[in-house]
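The next block holds one structure in the form of structure tokens; read it before the comments.
The values are calculated or read from the model by the stated rules, or taken from the named source; none is laboratory data. None of the values given here were measured: they were computed from a predicted structure. Note: ideal-geometry Cβ built from the backbone for every residue, glycine included; neighbour counts use all protein chains shown. These area figures cover heavy atoms from the full protein model, side chains too; ligands, DNA and RNA do not enter into them. Shrake-Rupley method; radii C 1.70, N 1.55, O 1.52, S 1.80 Å.
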Amino acid sequence: MTEQLRMMAVHAHPDDESSKGAATMAKYVSEGVDVLVVTCTGGERGSILNPKLQGDPYIEEHIHEVRKKEMDEAREILGVKQEWLGFVDSGLPEGDPLPPLPEGCFALQDVEEAAEPLVRLIREFKPQVITTYDENGGYPHPDHIMTHKITMVAFEAAGDASKYPDAGEPWQPLKLYYNQGFNRPRTTALHEALLERGMESPYGEWLERWKEFERRERTLTTFVPCADFFEIRDKALIAHATQIDPDGGWFRVPMDIQKEVWPTEEYELAKSLVGTSLPEDDLFAGIRNN
């Protein structure tokens, strides 16, 4: 294939793009791939997770504008393009029983209708590869699950001229991946590497909680080498200052250990219209030079 390679990463909230697959995107940008991040919601109902910024009345009152500026900064750091779908954050309901979701939020939209703006973007941008979340949302946030649902519909519909006829000329993406960067093998490897070096691991409780989950282990099909871009990933993540404490758990594993022990980001190939052999080390395997 001699035409431009293009990748679309569909995420629920601003900051998701920097915590899931950011080093992969930065790597591909460095190779000349055109990368577009699609952000489904504005993150309006997200909590201020950075303790250093909690209680700031301006941020609390203008969280939507603040998170948009954070997204702008992260986009520049990663070198990607970015589009908003314009849906309203559903928030993460807590309690037993769970409270109802807010009226009009993203997770309560009709899936077929909510997929249309994504179909339009796919037809405009023409990606060969799309990444998103699995059916569990990566974790069961209602917006992540809804992001999965509309992406699956849009992947199938974008190339069908009979679907969404007012959303542009048909374009069929060739591969669809689920982000699986938070996987047990990676977490275990980093945990054991820290303990072997006599260091404290932030993953002990994670691994204990994992044992309580009754979810099946995901199939990791694709390991993208991108250790040279871990610093860019972290810089983009820190740009989302309301969500990320630079002194927090995200950054407790020394960079040299990360690069030595687990120098890849992982994906699960969910759909492919081209031939490829597993495992892969490239999201464009089967597409390049075809």
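Around the Cα centre of the chain, unit charges on the Cβ atoms of Lys, Arg, Asp and Glu (plus for the first two, minus for the last two) sum to a dipole of about 680 debye. For the pair TRP171 and LYS235, the difference between a 0.36 nm per residue extended length and the Cα-Cα distance amounts to 19.7 nm.
Taking 0.36 nm per residue of sequence separation and removing the Cα-Cα distance, the SER47/ASP245 pair yields an extension gain of 70.0 nm. For region 142-290, the fraction of 1.4 Å probe accessible surface lying on carbon and sulfur atoms is 52 percent. Measuring with a 1.4 angstrom probe and ignoring ligands and nucleic acids, HIS11 comes out at about 0 Å² accessible.
For the set ILE145, ILE238, ILE287, solvent exposure ranked by accessible area (probe 1.4 Å, protein chains only) runs largest to smallest as ILE238, ILE145, ILE287.
Loop-located GluC sites (Glu not before Pro) in region 79-121 (DSSP state other than H, G, I, E, B) with a sparse environment of at most 15 neighbouring Cβ atoms within 10 Å: GLU94, GLU103. When all protein chains stay in place and ligands, DNA and RNA are ignored, the 1.4 Å accessible-area order of LYS163, LYS271, largest first, is LYS163, LYS271. Summarised as an ellipsoid, the chain has semi-axes of 28, 25, 19 Å, derived from the eigenvalues of the Cα gyration tensor scaled by 5 and square-rooted, with the largest first. Distance between the 7 Å Cα→Cβ label points at ASP72 and ILE257: 3.8 nm. With protein chains left intact and a 1.4 Å probe, residues in region 225-284 average 46 Å² of accessible area per residue. Distance between the C-alpha centres of region 211-256 and region 94-133: 24 Å, rounded to the whole angstrom.
When ARG123, ARG186, ARG197 are compared by accessible surface with a 1.4 Å probe, the order from highest to lowest is ARG197, ARG186, ARG123.
Taking every DSSP beta bridge that has both ends in the chain, the antiparallel portion is near 30%.
Determine the relative contact order of the chain: mean sequence separation of Cα pairs under 8 Å and six or more apart, normalised by residue count, in whole percent. If you can, show how the numbers build up before the last one.
Values: 507 pairs, mean separation 70.4, N = 290.
Over the chain, the number comes to 24 percent.
Taking all protein chains into account, the per residue accessible area for region 133-220 stands at 52 Å² (1.4 Å probe). Given springs between every Cα pair under 10 Å in a Gaussian network model of the chain, which of GLY249, GLY137, GLY46 has the largest fluctuation? Judging by the Gaussian network model, the answer is GLY249. Taking a threshold of 32 Å on the Cα-Cα distance, which of the pairs LYS81/LYS259; LYS27/LYS69; LYS20/LYS126; LYS81/LYS211; LYS81/LYS163 fall above it? Those over the limit are LYS81/LYS211.
The heavy atoms of THR188 present about 40 square angstrom of accessible area, all protein chains included, probe 1.4 Å. Placing a label point 7 Å from the Cα of TYR139 along the Cα-to-Cβ direction, the residues of region 37-69 whose backbone N falls under 16 Å from that point are 46-51.
Put a plus charge on the Cβ of each Lys and Arg, a minus charge on the Cβ of each Asp and Glu, and nothing anywhere else: the dipole of region 94-235 about its Cα centre is then about 560 debye.
Using only alpha carbon pairs under 8 Å that are at least six residues apart, calculate the relative contact order of region 164-290 and give it in whole percent. Could you put the intermediate results ahead of the total?
Numbers: 126 pairs, mean separation 55.2, N = 127.
Answer for region 164-290 is 43 percent.
The heavy atoms of MET255 present about 50 square angstrom of accessible area, all protein chains included, probe 1.4 Å. Can you compute the label reach from LYS81? Point 7 Å from Cα along the Cβ direction, backbone N cut-off under 17 Å, restricted to region 100-124. Residues passing the 17 Å test: 117-124.
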